[in-house]
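The values are calculated or read from the model by the stated rules, or taken from the named source; none is laboratory data. What you see is a predicted model; the values in this text were computed from it and never measured. As a convention, Cβ positions derive from the backbone with ideal geometry for all residues, glycine included, and neighbour counts pool all protein chains shown.
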Amino acid sequence: MYPFLQFHDRLRPCAIIFSVIRGLAMEVLLPKLPSFKFPSPTHCCSITSRSSADIRFVGVRRIASLSVSASSVNEAVAEAAVGSPSLGHSTRPHFPILHQEVNGSKLIYLDSAATSQKPTTVLKALQNYYEGYNSNVHRGIHFLSAKATDEYESARRKVASFINASDSREIVFTKNASEAINLVAYSWGLSNLKPEDEIILTVAEHHSAIVPWQLVAQKVGAVLKFVDLNQDEMPDIEKLKERLSRKTKIVVVHHVSNVLASVLPIRDIAQWAHDVGAKVLVDACQSVPHMIVDVQRLNADFLVASSHKMCGPTGIGFLYGKIDLLSTMPPFLGGGEMISDVYLDHSTYAEPPSRFEAGTPAIGEAIGLGAAIDYLSGIGMQTIHDYEVDLGRYLYERLLSVPNIRIYGPPPSEEVQRAALCSFNVENLHPTDLATFLDQQHGVAIRSGHHCAQPLHRYLGVNSSARASLYFYNTKEDVDNFIHALNDTVSFFNSFK
Ligand SMILES: Cc1ncc(COP(=O)(O)O)c(C=O)c1O
């Protein structure tokens, strides 16, 4: 068995040396290598996280390290927006980071499901805040504090309007979506769940939506019930419907799967849940950045998303909660800002959303999120969605041409609209080797691993997968270049067989 694909770091040097020798001697100095049997992704060792310093992959076409080479951001190489044929072409110039070379190749960023890139307007909003009016919010009466408070609260109103919440008090700023889910689990869950109550989820949930509920369920004796996939490889909502009963207290579901690319009918699910008296928490991390999300139409009780996936900064996310629910919920974290009065033996608490925002919030980041929402709204979420549906379908179809590929999730059809991402495996090729080669040899950034969805990968019979995920700033050329690079990668590894 060829060690190159085993992916133990200690074997990496062998692989590197081997790769160099092979490159130099390619077909000339060395006899044809013996045929190697590559382990299937199912049997590959699980992926360990490695710092970039750990990885050095010396290729035959160029010597490269993982440190970004020749990568100074160069606006001059940004494609011109004028006369652009697509949304991707017209918006790319707004994203300075996209215009650089990585490992000697033009960067092709296909990892937006992990985090999106940020347009100049967002970067400027952060800079303006820190340069012009950096100050704490809600507590100062001086000019800078008043300005920071106005901008921070304006960002909250922007989020509310973006998802059509009826009241900006329904928006709680959190560190990210994970914290927002923890907030609901600990605040609402601990005070509303009792032994034998059921929490319904799907096997395709992100760890952020599973683990907080496991922690809370263990405390109160509630039970997590999981719905698996149907024959189209998307969560079986008919089974979900059957699982609902008076024991169900909350349904926790994603809107768009970060692995399967499937989209769930949240409005129906909310209706069924409400029919049995249950609440619904929607993990909208992969939908809010890509489509119109209207919380009133969906009738979700809670909905969470992260700024960094929607062109905003890291360190900020939000919880939407119906105001009647938030008003009855106890605090999650204690500290300054979330109180009404503090005595030595007890405290009273502020109304939502302040009740759930203990301490100094991520002020600049919230303002940056507001700028991201302005930017996205300027393009129009329907425009973004339509463009991505087309681009996503193109990605799916082009990937199908790669030999021995297995793409997870439902095939696109008239009825099934996939999100613009594909998780896949190529037979006998470890996804992390594939992602490493794509990065090192072609400057293509994709994700490999379990994408924080281990139960789903287990259900699919694999440990990990590769994932290419698009955003509106990607183009069909990005997809073509990726497919070309992927074919090259597959040929490279197959040449050892
Ligand atoms: C579907 C889904 N849910 C939740 C999360 C967690 O988001 P965050 O890490 O920003 O809290 C992610 C991020 O990858 C996601 O894709």
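Conditions (1) within 16 Å of the ligand (Cβ to nearest atom); (2) of a type in the set (A, V, I, L, M), marked per residue:
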| site | (1), (2) |
| --- | --- |
| ILE210 | yes, yes |
| ASN230 | no, no |
| MET234 | yes, yes |
| LEU244 | no, yes |
| VAL263 | yes, yes |
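Among (1) free of Cβ contacts under 8 Å to residues at least 60 places away in the same chain; (2) in contact with a Ser or Thr (Cβ under 7 Å, 6 or more places away or on another chain); (3) assigned to a loop (DSSP other than H, G, I, E, B), there is one condition PHE332 misses while meeting the rest; what is its number?
The number of the failed condition is (1).
Taking the options ALA278, ALA284, ALA185, name whichever one is within 11 Å of the ligand (Cβ to nearest atom), surrounded by 15 or more Cβ atoms within 10 Å (Cβ to Cβ), of a type in the set (A, V, I, L, M) and within 14 Å of PHE302 (Cβ to Cβ).
Testing whether each residue is within 11 Å of the ligand (Cβ to nearest atom), surrounded by 15 or more Cβ atoms within 10 Å (Cβ to Cβ), of a type in the set (A, V, I, L, M) and within 14 Å of PHE302 (Cβ to Cβ) leaves just ALA284.
Please work out which residue is nearest to the chain's Cα centre (by Cα), limiting yourself to region 195-208 and to residues that are acidic (Asp, Glu) and more than 11 Å from the ligand (Cβ to nearest atom).
GLU198
Among the residues that make up region 339-356, is at least one of them touching a residue at least 40 places away in the same chain (Cβ under 8 Å) and among the hydrophobic types (A, V, I, L, M, F, W, C)?
Yes, because at least one residue in region 339-356 is touching a residue at least 40 places away in the same chain (Cβ under 8 Å) and among the hydrophobic types (A, V, I, L, M, F, W, C).
Exactly one of these conditions fails for GLN271: (1) touching a residue at least 40 places away in the same chain (Cβ under 8 Å); (2) out of contact with any helix residue (DSSP H, G or I) (no Cβ under 7 Å at 6 or more places or on another chain). Give me its number.
(1)
Would you confirm whether any residue within region 135-150 is surrounded by fewer than 17 Cβ atoms within 10 Å (Cβ to Cβ), β-branched (Val, Ile, Thr) and more than 16 Å from the ligand (Cβ to nearest atom)?
Within region 135-150 (the criterion being surrounded by fewer than 17 Cβ atoms within 10 Å (Cβ to Cβ), β-branched (Val, Ile, Thr) and more than 16 Å from the ligand (Cβ to nearest atom)), the answer is yes, since at least one residue qualifies.
Is it the case that ASP433 is of a type outside the set (Lys, Arg) and closer than 28 Å to ILE384 by Cα? Give the derivation first.
Numbers: of a type outside the set (Lys, Arg): yes; closer than 28 Å to ILE384 by Cα: no.
No.
Name, by its number, the condition in (1) within 30 Å of ASP480 (Cβ to Cβ); (2) among the β-branched types (Val, Ile, Thr); (3) in contact with a Ser or Thr (Cβ under 6 Å, 6 or more places away or on another chain) that does not hold for THR121.
Looking at each condition in turn, THR121 falls short on (3).
On the basis of being among the aromatic types (Phe, Trp, Tyr), crowded, with 24+ Cβ neighbours inside 10 Å and within 16 Å of the ligand (Cβ to nearest atom), does PHE332 make the cut?
Considered against the rule, which asks whether it is among the aromatic types (Phe, Trp, Tyr), crowded, with 24+ Cβ neighbours inside 10 Å and within 16 Å of the ligand (Cβ to nearest atom), PHE332 comes out as no.
Could you go through region 241-258 and let me know if any residue there is closer than 30 Å to LEU395 by Cα and surrounded by fewer than 22 Cβ atoms within 10 Å (Cβ to Cβ).
Going residue by residue through region 241-258, those that are closer than 30 Å to LEU395 by Cα are 252-258.
Applying the additional criterion that residues be surrounded by fewer than 22 Cβ atoms within 10 Å (Cβ to Cβ) yields none.
Checked against the condition, which is being closer than 30 Å to LEU395 by Cα and surrounded by fewer than 22 Cβ atoms within 10 Å (Cβ to Cβ), region 241-258 yields no hits at all.
Has region 340-347 got any residue that is assigned to a loop (DSSP other than H, G, I, E, B) and among the hydrophobic types (A, V, I, L, M, F, W, C)?
Yes, region 340-347 contains at least one residue that is assigned to a loop (DSSP other than H, G, I, E, B) and among the hydrophobic types (A, V, I, L, M, F, W, C).
Which one of the conditions (1) more than 29 Å from the chain's Cα centre (by Cα); (2) at pLDDT 95 or above does GLU337 fail to meet, given that it meets all the rest?
If we test GLU337 against (1) more than 29 Å from the chain's Cα centre (by Cα); (2) at pLDDT 95 or above, just (2) comes out false.
Is it the case that VAL211 is crowded, with 20+ Cβ neighbours inside 10 Å and either touching a strand residue (DSSP E or B) at 6+ places or on another chain (Cβ under 7 Å) or under 30 Å from SER112 (Cα atoms) (or both)?
no
Looking only at strands (runs of 3 or more DSSP E) that lie completely in region 384-497, which have at least 2 residues being polar (S, T, N, Q) and at negative phi?
Counting at least 2 such residues, we get 421-426, 465-469.
If I go through region 355-375 residue by residue, how many of them are part of a helix (DSSP H, G or I) and surrounded by 21 or more Cβ atoms within 10 Å (Cβ to Cβ)?
13
Name the pairs whose Cβ atoms lie under 6 Å apart, with the first residue in region 94-113 and over 22 Å from ILE384 (Cα atoms), the second basic (Lys, Arg) and part of a loop (DSSP other than H, G, I, E, B), and 6 or more positions between them or separate chains?
Within 6 Å, the pairs are GLY104/ARG62.
Quick test for you: out of GLU205, GLU198, GLU238, GLU179, pick the one residue that is touching a strand residue (DSSP E or B) at 6+ places or on another chain (Cβ under 8 Å), more than 16 Å from ASP283 (Cα to Cα) and among the acidic types (Asp, Glu). Step through it out loud before you land on a result.
Values: GLU205 fails: more than 16 Å from ASP283 (Cα to Cα); GLU238 fails: touching a strand residue (DSSP E or B) at 6+ places or on another chain (Cβ under 8 Å); GLU179 fails: more than 16 Å from ASP283 (Cα to Cα).
Residue meeting the stated conditions: GLU198.
Considering only region 99-128, state which residues are hydrophobic (A, V, I, L, M, F, W, C), surrounded by fewer than 22 Cβ atoms within 10 Å (Cβ to Cβ) and within 29 Å of HIS206 (Cα to Cα).
Passing the criteria: LEU107, ALA114, LEU123.
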